[in-house]
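Student: Below are the structure tokens for one structure; questions will follow.
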Amino acid sequence: MRLWNWLALSLAALALTAMSAGDAFAQRKPPYFASIASGKARMRTGPGRNYPASWLYQREDLPIRVIDTYGDWRKIEDPDGTQGWMQVNMLSDTRTAMVVGRIVEMREAPRFDSRVNWRAAPGVVGRVSKCAHGWCWFDVRGRGGYVEQSHIWGVEPNEVLP
């Protein structure tokens, strides 16, 4: 009987952890950055399925900025500045960014004199972390390096990420 009690408590704790993580994402105060979780996600002109779709995104991990909320809907802005509404279940709290402007050098360390590991062209999307002092770790499918924060869209200027 103790095994069943332990199993039931473990499952309940796991469910509460999953719910609180989802609720934390759902309850965040805008503006904040997130990403598109699905390979196909529709942007709508208003917060509901009864509003017409204005755009179909076919790029998983594309960074977006959440600028407003309405129930289970989020008003988002994409890297081009297009705004519209998307259901929260189509979004992920995974932090990604997109290279903007010009080709960026992905460096071994957050310094200009550091060795260049890779280069990324404008439009390339990767995951970001370790942002500090104007540099972020930028990982594009396992190829990573530090990039200047000002050359990616998906993080605030001088934002610090762990």
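Please treat every number below as a calculation from the coordinates, not as lab data. Model, not experiment: these values are computed from the prediction. Cβ: placed from backbone, ideal geometry, glycine included. Neighbour counts: every protein chain shown.
Student: Among Gly142, Trp153, Tyr70, whose Cα lies farthest out toward the positive end of the dipole of the range 16-157, if unit charges sit on the beta carbon of Lys, Arg (+1) and Asp, Glu (-1)?
Tutor: Gly142
Student: Of the listed peptides 31-38, 103-110, what is their order by residue-averaged count of other C-beta atoms within 10 Å, with the highest listed first? Could the numbers behind the result be given before it?
Tutor: Details: 31-38: 19.0, 103-110: 16.9.
By packing density, highest mean first, the sequence is 31-38, 103-110.
Student: About the Cα centre of the range 97-153, how large is the charge dipole given +1 on each Lys and Arg Cβ and -1 on each Asp and Glu Cβ? Please answer in debye to the nearest 20. Walk me through the intermediate numbers first.
Tutor: Numbers: 9 positive and 5 negative charges, 28 e Å.
Taking the Cα centre of the range 97-153 as origin, the dipole is about 140 debye.
Student: If you don't mind, there's one more thing I want to ask. For the range 72-159, just the Cα set please: Rg and Dmax, both in angstrom.
Tutor: 13.8, 46
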